[in-house]
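J.: The structure that follows is given in the form of C-alpha cells.
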Amino acid sequence: MLLDNHPDRTDLEARGQDMMELLQRLWPVYRTLAGPGIRETLRILGEQVGGLTISHAATGARALDWIVPEEWDVRSAHIETPDGRRICDFKRNNLHVVGYSTAVDASMTLAELQPHLYSLTDQPDAIPYVTSYYQRTWGFCLTHRERAALQDGTYRVHIDSSHAEGSLDYGQLVLPGRSQQEILFSTYCCHPAMANNELSGPVLAVALAQWLSLRPDRRYTYRFVFGPEMIGSAALLEAQGDHLRSSVLAAFNLTCVGDERDWSFLPSRAGDSYTDRLARHVLRHVVGEYRSYRWHDRGSDESMYCAPGIDIPMVSIMRSKYGEYPEYHTSLDVPERVVTAHGLAESFALYRILIQALEADCIPRSTVLGEPQLGRRGLYPQTSIKGSTASVKDMLDLISHSDGQTRLLDIADRCDKPMWAYTADLDRLVAAGVLQR
Amino acid sequence: MLLDNHPDRTDLEARGQDMMELLQRLWPVYRTLAGPGIRETLRILGEQVGGLTISHAATGARALDWIVPEEWDVRSAHIETPDGRRICDFKRNNLHVVGYSTAVDASMTLAELQPHLYSLTDQPDAIPYVTSYYQRTWGFCLTHRERAALQDGTYRVHIDSSHAEGSLDYGQLVLPGRSQQEILFSTYCCHPAMANNELSGPVLAVALAQWLSLRPDRRYTYRFVFGPEMIGSAALLEAQGDHLRSSVLAAFNLTCVGDERDWSFLPSRAGDSYTDRLARHVLRHVVGEYRSYRWHDRGSDESMYCAPGIDIPMVSIMRSKYGEYPEYHTSLDVPERVVTAHGLAESFALYRILIQALEADCIPRSTVLGEPQLGRRGLYPQTSIKGSTASVKDMLDLISHSDGQTRLLDIADRCDKPMWAYTADLDRLVAAGVLQR
Amino acid sequence: MLLDNHPDRTDLEARGQDMMELLQRLWPVYRTLAGPGIRETLRILGEQVGGLTISHAATGARALDWIVPEEWDVRSAHIETPDGRRICDFKRNNLHVVGYSTAVDASMTLAELQPHLYSLTDQPDAIPYVTSYYQRTWGFCLTHRERAALQDGTYRVHIDSSHAEGSLDYGQLVLPGRSQQEILFSTYCCHPAMANNELSGPVLAVALAQWLSLRPDRRYTYRFVFGPEMIGSAALLEAQGDHLRSSVLAAFNLTCVGDERDWSFLPSRAGDSYTDRLARHVLRHVVGEYRSYRWHDRGSDESMYCAPGIDIPMVSIMRSKYGEYPEYHTSLDVPERVVTAHGLAESFALYRILIQALEADCIPRSTVLGEPQLGRRGLYPQTSIKGSTASVKDMLDLISHSDGQTRLLDIADRCDKPMWAYTADLDRLVAAGVLQR
C-alpha cells in the first residue's frame, strides 16, 4: 500500500530486490554471538558500504555489567538413529544444533537423549531456534513431528564444536554530517538462518546507509551499528558510552522490518521523547493504523540503550514484532514466506521519510512582529473573495506558530498535518525573509 | 433562549432594538480600508459614545510589517450592456464594484470583460463581496444568474474612482477603571453592506461601552477599538504595542454577533489563557452547547494580536462564525435575514455576563486555619439532621478551595458550577471575616 | 468476596467477630460531643490497646477557629401523652432526645410541642439522629408513624440534662517506627447508637493497632486518633498541628467501614497526593470496581485536615459512604442490619494490604549501568527458546524502571500491576546486588 502510487515506486521496488539479494547472500552464513560467522557477516556487509570499522572486545572483558564469553565454532553436528539414519544434521539446517553446544560424541538411550532435545508441541513442523550462551550444555532442535516418531534404541550423538578465547566483534559505520549530533541505527547479526528477526535489519541498515552516503548535505551524523544483540550494545556502550550519551539525538532498533503484515511501534522507556514523537508522527501520517506496543513489550537492545543512567531514547518501528508472529525464532522465519522484497522496500521507504523528517525538522521563528503582510511579497491571493485564503491556510498556520520555541514537528502535530506539508512553505517563507530556521 | 425568563428581558430586547437601529443607520455608508466611508462611520459611532478618539496612520507608513495603502474613493460604477441596459450599478448595490478598483472608462467584448467579473456558481443569486486592496485592478461583482445571461456584444464599463495619499483611520474609546489592567474589545469597520460579518460587531461594542460607562465602579480599564481589519490592528500595535502588551489582561474580537444560530468559540493561539478559560466557562454555563473551533480556523484580527512576540490573548465568542455560514461575504448577509435585534440582544446579554464575571473574579484566601466554625457566625444550620448541610455545601466548597492561590474561576470549574453561584457566599464570608479577596 | 480463597480467611473472620464484639460493647454507651459518654468510650478502647493517651481541651478554649463547648449530660428524657403513655423515652432508645438539649419539665399542647419534634417523612419507621451542639434548644426524635398518630391534648415533656464547664476529650495511640514519618488514622466517637457511621471506625482502628503493635519492625510511626468529629480534629491540630503537618505522610479517616455493600473512595482536597494514589492503587487491585467520590462530596474530618494551610492529605476508603445509604443517621444504622463481622473483617483485610504496601514502597535504584546480566547471577533462564523469558518479564520491568527517581507504586502503576507483584523480585534483586532501595 505504501508504495501504491509512490512516485519512486520502480526505484523502491528495485531497492527491495537488492536488499533481498543481500539477505540471500547472508542467509547461509552461520552466525552466533561470537565467532567466525559474525566476522564473515561483517565482511560481507563491509563490501556493501565503505568505511565499516570493526571493533573487538576480548573474551572475559567487561561490557558494562556483562562479561564477554568465549567464541564458539561448530564444524558438524548430527544424531544417528538406532536404524542408522542421520537426523538433526547441522549441514542440512543450521538450527538443528543448540547454539554454544559443547562438543559431544557419545551413545545413549532415547530416554537419556530426550533432555537434550528441543521441539515445539504447538508448531509440530517447525524447528525451534535455541541457544545456551552462558551455561555449558549441548542439545539438538527438531520438529515435534520428527521427535515424536523417534524409536527406542541406542542413539549416537555427535557435535564437533569448540569454545575458545577470542573476541566479540561488532561493526560501525559513521556518516558525518554538519552537526555532531547523531542519529543511531542499531541492528543485530548474531542469529543463524532467521529472515525477519535478524537479516531484515542489517539489509535495511545497508540500504539506508547507501542512500544517505549519496545525500550531498547531511545535517546530522548517522551511525549504524551491527553486532550481537544485547552484549554487542553493552560492549559498544562500555567503549563509547559517554560519547553516545551526549551525542545521540534519536536511536532506532532495526529489526523485523521485512514482512508485509501490520506495522508496529515499540516506544522508548521514556515513552514521549523526541524520537517517540517523531516516529509516531511518521507512522500516523504514512501508514495510518499501526500496532502500538508498550515498553513492557520490549525484548531487544532498547533495554540496554534506554536503561537508567544511559537513557538513549531508542524506539523500534517494525512490521510483525518479534515474539508476536508465529514464525518467530523457528525454521519458518525464512525469505519469501515471511520476508519479501516488497516488504523490505516499504520499510526502506518509511525510514527514508523518517530521516527526511529528521533532517527537515527545525524551530522556525518569525522575523517580523505581528502577522506579516504576505501580499506585498507575492505570497497571498491579491483578490479577496470568500474561500480565497484556503490555499494559504497552511502557510499562515506555520507563521502563526513560528514563535522560536516550537519545533516544526510539534507545529504539524498541533495542526494535525504531516511535517512535510509545510516544507515547501517553510522554504518560501525563509527565502522571503519572513521566517528563520 | 438566553433571554427566556431573563429578569431583564424587556430592557435587553429594547437594547437589541437600539442596536438594530444603529446598524441600519450605518448600513448605507460605503466603507472600505481607508477613505471617507470609515471616517463617516467613526463619526456616527462617536455620536453614540462620548470620548471616542481617532488616530491616523499616513499612507506609506509602516504598521508593523504592513505598509499603509492609499485611500480609495468611488463615486460611480456600472456596466452598460450591448442592448443599453445599465447593470452592476454601484448606486443600486455597493457590492457591485470590486473594492479599491482603479478608474476605468472603456468598451470591450464580453470575453474581454469576463476576467473582471466575479460571481459564485454555487450561490447563483448572491453578489459576492470582493476586494483587491494591494494590487491595482478593477472589477465588478454580480449574481451568477445575471452573469450567465450576458450576451455577446460590446460592453461599456465605467468606474469613477480615485486612489490618493491620505490616512488610515481607527477609533478608540477608553473607560478607565480602578486598575490599569485593560480588557480590550476589538471590532472592525472596513466592509460595506455586511450585517453579521461587520456591523454586528461595532453596534455590540457601542452597547457594551454605553452600559459600562454607566457602571459606577469599574475594576478594569476597558478599551474599545474600531478600525479596518488586520491593518488597523497593525497600525494600533505599531503605535501602542508596548503599552497594550503589558496592560491587556483579556481581549475579545467582536464579530458575527448578530444572528440567532449556534454559538461559536474561537480560541487564542495559546488556547488555554485566562481569557480562553473565562470565555469557555461563560459559554458552558450560559449557553451550554456551542461550536468549538480551533486556532487553525481563525481569520481575523486575532492573527495580529496573538502573533509570536505580541501574544495578547484574543478570543472570539460568536454566533455563526465568519466563513462558515452561507450568507458570509455576499449580498445575503443583510439585516433581518441574518442579523436580528433579538440576536444582538442575546450577544449583549452574554458579553455582559462575561464582563461581570471578569469584574467579580478574584483569588479568595481563608483567614483562618482549618475549616472555620460557621455556626457561631450564623452561617450554618444550628440543628443537625441528615441533609441539613446541603444548603451550605457551596459555601463550604468555596472556603475549602480558598487557599490564596486559586482563582474563583478555577474554584468554580473544579466544582463544575458557574462562578456567579459563589458571588453571594463570597460576599457573606468576606463580611464575616472568614475570607479575604 | 475479598475473603474468598484468602489464605488467612479463618483468622480474618475471627478478627471480624472480635471487632463485632467490641462494637456491641460500645453500643449502649451514650456518646456526644463532650461529656461522660466519650470518656467511657475512650476507657473501653484503652483496655483493648496499650498506650492510649487522653488529651483534654477545656470548655471555652480555642481549637483553631472553633470554641470548645460545655459538656452535656442527660439522665432521663421522655414525653407523656394526653392519655398517659410514655413515649420518646431516652432509656428505650437514646436517639429520642436531641443531643445537647436543655433541661425542660413542662406541659404544652401538641401544637406547642410540634416545633420540638423531629421525624423523617420519607422514612416513617426510622428515628432520626439530631443534635444542636451550638445553639440552646431542646427536642425529641421519633418515627414519623408515631408522630402522625399523636392526638391533640396536653403533653408533658421531661428532659433531665445539664450543661457544665468541663473538657472535650480525645485519645491518641502512637506506635513508633524506624522513621518519624507518620501514618495517621483518624476516627470519631461522638455519636450515640450508630453502627456504620461511627463504631465501625473505632473498632477497625483498634484491630489495626493491635495487628501493628505485633509487627516486629515497623518502618513508619503510626498514630491513631479517637475523638469527636471536626472539633476533636481542631483541638488536636491546635495542640499538635505543627508536628503533624511536618510528620504525616499519609492520613486516613476511618468511617463507614463495616457493611458489605459497594466500596467507596473519597479523595483528599489535592486529589492526587501520594495517599490518594496509594489508596486508589490498593482499591483497584484488591476490590476492582469502587465508587469514586469527589472532594465536593466530603463531610467529615478531612475538611479540617485538608484545609488550606494545614494540607495534611487525608482520604477515606469506605463501604457505603455517609450520607449515601438509607440507614445513615437514623435508628436503622444498627449492627447486623448494616454492619457485620464479615464486613468489618473485609475492611481490616483491605487496610492491612494498604499498610503493607506503604511499608513496602520504596524508590529502587539500579546499581549497574545498562541492563544487568541476570544469567550469571542465576536469575535468568539459561536456555533461550521462544517464550522462555516470560517468567522474568516482571523482574526486567522492575529493573528497567529502577532509575532512582520512581517509587515502586508508580512503577507498578506504569506496568498496570499491583505493587505486591514485585515484592519478591525486589528482594531477590537487592540480595543479588543489582538494585538498592
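The values are calculated or read from the model by the stated rules, or taken from the named source; none is laboratory data. Small disclaimer: the values here were computed from a predicted structure and weren't measured. Note that we place each Cβ from the backbone using ideal geometry, even for glycine, and neighbour counts take in every protein chain shown. Protein only, heavy atoms only, side chains kept; ligands, DNA and RNA dropped before computing areas. Shrake-Rupley method; radii C 1.70, N 1.55, O 1.52, S 1.80 Å.
J.: If I go through segment C:268-292 residue by residue, how many of them are open to solvent by less than 10 Å² (accessible area, probe 1.4 Å) and part of a loop (DSSP other than H, G, I, E, B)?
T.: 1
J.: Does A:Asp73 fit the bill of being among the acidic types (Asp, Glu) and closer than 17 Å to A:Glu146 by Cα? Even if it seems obvious, please write down each step before you answer.
T.: Working: among the acidic types (Asp, Glu): yes; closer than 17 Å to A:Glu146 by Cα: no.
Here the answer is no, as A:Asp73 does not meet what is asked.
J.: Do we find a residue being small (Gly, Ala, Ser) and over 19 Å from B:Ala63 (Cα atoms) anywhere in segment A:392-406?
T.: Yes, some residue in segment A:392-406 is small (Gly, Ala, Ser) and over 19 Å from B:Ala63 (Cα atoms).
J.: Restricting to segment B:120-144, name every residue that is among the small types (Gly, Ala, Ser) and under 21 Å from B:Glu198 (Cα atoms).
T.: B:Ala126, B:Ser132
J.: Still on this structure, please answer the following. Give the residue, chosen from A:Pro69, A:Pro82, that is within 14 Å of chain C (Cβ to nearest Cβ), assigned to a loop (DSSP other than H, G, I, E, B) and either at negative phi or within 26 Å of the chain's Cα centre (by Cα) (or both).
T.: On the way: A:Pro82 fails: within 14 Å of chain C (Cβ to nearest Cβ).
Of the residues listed, the single one that is within 14 Å of chain C (Cβ to nearest Cβ), assigned to a loop (DSSP other than H, G, I, E, B) and either at negative phi or within 26 Å of the chain's Cα centre (by Cα) (or both) is A:Pro69.
J.: Which condition from (1) at the interface with chain A (Cβ under 9 Å from one of its Cβ atoms); (2) touching a Gly at 6+ places or on another chain (Cβ under 9 Å); (3) not small (Gly, Ala, Ser) is the one that C:Gln373 breaks?
T.: All conditions pass for C:Gln373, except number (2).
J.: Another question, if that's okay. For segment A:386-397, what are the residues that are within 11 Å of chain B (Cβ to nearest Cβ) and either touching a helix residue (DSSP H, G or I) at 6+ places or on another chain (Cβ under 8 Å) or open to solvent by 40 Å² or more (accessible area, probe 1.4 Å) (or both)?
T.: A:Lys386, A:Gly387, A:Thr389, A:Ala390, A:Lys393, A:Asp394, A:Leu396, A:Asp397
J.: Confirm whether C:Ala63 is of a type in the set (Gly, Ala, Ser) and buried (at least 21 other Cβ atoms within 10 Å of the Cβ).
T.: Spelling it out, C:Ala63 is indeed of a type in the set (Gly, Ala, Ser) and buried (at least 21 other Cβ atoms within 10 Å of the Cβ).
J.: Could you check, for segment B:303-311, whether at least one of its residues is within 30 Å of B:Asp169 (Cβ to Cβ), under 18 Å from the mean Cα position of the chain (by Cα), of a type in the set (Gly, Ala, Ser) and in a helix (DSSP H, G or I)?
T.: yes
J.: Run C:Gln382 past the list (1) open to solvent by less than 40 Å² (accessible area, probe 1.4 Å); (2) within 8 Å of chain A (Cβ to nearest Cβ) and report the number of the one that doesn't hold.
T.: C:Gln382 satisfies all of (1) open to solvent by less than 40 Å² (accessible area, probe 1.4 Å); (2) within 8 Å of chain A (Cβ to nearest Cβ) except (1).
J.: Right, something else. Restricting to segment A:109-153, name every residue that is within 14 Å of another protein chain (Cβ to nearest Cβ), open to solvent by 80 Å² or more (accessible area, probe 1.4 Å) and assigned to a helix (DSSP H, G or I).
T.: Answer for segment A:109-153, where residues must be within 14 Å of another protein chain (Cβ to nearest Cβ), open to solvent by 80 Å² or more (accessible area, probe 1.4 Å) and assigned to a helix (DSSP H, G or I): just A:Pro115.
J.: Could you please give the count of residues in segment A:243-269 that are farther than 10 Å from A:Leu184 by Cα and among the small types (Gly, Ala, Ser)?
T.: Adding up the residues that qualify gives 4.
J.: Whether any residue in segment C:171-179 is touching a Leu at 6+ places or on another chain (Cβ under 6 Å) and among the hydroxyl-bearing types (Ser, Thr, Tyr) is what I want to check.
T.: Looking through segment C:171-179, none of the residues is touching a Leu at 6+ places or on another chain (Cβ under 6 Å) and among the hydroxyl-bearing types (Ser, Thr, Tyr).
J.: Is one or more of the residues making up segment A:293-301 within 14 Å of another protein chain (Cβ to nearest Cβ), in a loop (DSSP other than H, G, I, E, B) and of a type in the set (Ser, Thr, Tyr)?
T.: Yes: one or more hits.
J.: Mind checking which pairs have a first residue in segment C:164-185 that is among the hydrophobic types (A, V, I, L, M, F, W, C) and a second that is exposed (fewer than 15 other Cβ atoms within 10 Å of the Cβ), Cβ under 6 Å, 6 or more apart or different chains?
T.: Partner pairs satisfying both residue conditions: C:Leu173/C:Gly51; C:Leu175/C:Ser213.
J.: Is at least one residue of segment C:16-31 part of a loop (DSSP other than H, G, I, E, B), of a type in the set (S, T, N, Q) and in contact with a strand residue (DSSP E or B) (Cβ under 8 Å, 6 or more places away or on another chain)?
T.: no
J.: Has segment B:320-334 got at least one residue that is within 12 Å of chain C (Cβ to nearest Cβ) and either in contact (Cβ under 8 Å) with a residue 24 or more places away in the chain or open to solvent by 10 Å² or more (accessible area, probe 1.4 Å) (or both)?
T.: no
J.: Filter segment A:194-230 down to the residues that are under 24 Å from A:Ser331 (Cβ atoms) and open to solvent by 10 Å² or more (accessible area, probe 1.4 Å) and list them by number.
T.: Correct list: A:Glu229, A:Met230.
J.: If B:Val315 satisfies every condition in (1) more than 8 Å from every other protein chain (Cβ to nearest Cβ); (2) under 30 Å from B:Tyr118 (Cβ atoms); (3) in contact (Cβ under 8 Å) with a residue 24 or more places away in the chain but one, which is the exception?
T.: The number of the failed condition is (2).
J.: Considering segment C:398-437 alone, what residues qualify as being small (Gly, Ala, Ser), touching a residue at least 40 places away in the same chain (Cβ under 8 Å) and surrounded by 14 or more Cβ atoms within 10 Å (Cβ to Cβ)?
T.: C:Ala412, C:Ala432
J.: Restricting to segment A:363-373, give me the number of residues that are open to solvent by less than 10 Å² (accessible area, probe 1.4 Å) and in contact with a Leu (Cβ under 7 Å, 6 or more places away or on another chain).
T.: Going through segment A:363-373 one residue at a time, the tally reaches 2.
J.: Sticking with this structure for a sec: Among (1) within 14 Å of chain B (Cβ to nearest Cβ); (2) within 30 Å of C:Val68 (Cα to Cα), where does C:Gly166 come up short?
T.: Condition not satisfied by C:Gly166: (1).
J.: Of all residues in segment A:295-319, which are surrounded by fewer than 24 Cβ atoms within 10 Å (Cβ to Cβ) and of a type in the set (Phe, Trp, Tyr)?
T.: Selection gives A:Trp295 alone.
J.: Among (1) in contact with a Pro (Cβ under 8 Å, 6 or more places away or on another chain); (2) within 14 Å of another protein chain (Cβ to nearest Cβ); (3) more than 21 Å from A:Leu237 (Cα to Cα), where does A:Cys306 come up short?
T.: (3)
J.: Just checking, how many residues over segment B:37-60 are part of a helix (DSSP H, G or I) and modelled with pLDDT under 95?
T.: Total meeting the criteria: 0.
J.: Please verify whether B:Arg223 is without any contact (Cβ under 8 Å) to a residue 60 or more places away in the chain and of a type in the set (Lys, Arg), treating the condition exactly as stated.
T.: It is true that B:Arg223 is without any contact (Cβ under 8 Å) to a residue 60 or more places away in the chain and of a type in the set (Lys, Arg).
J.: It is to be established whether one or more residues within segment B:236-258 are part of a loop (DSSP other than H, G, I, E, B) and among the small types (Gly, Ala, Ser). Lay out the reasoning, then the answer.
T.: Kept after step one, since they are part of a loop (DSSP other than H, G, I, E, B), are these residues of segment B:236-258: B:254-258.
With among the small types (Gly, Ala, Ser) added as a condition, the list becomes B:258.
Yes, segment B:236-258 contains a residue that is part of a loop (DSSP other than H, G, I, E, B) and among the small types (Gly, Ala, Ser).
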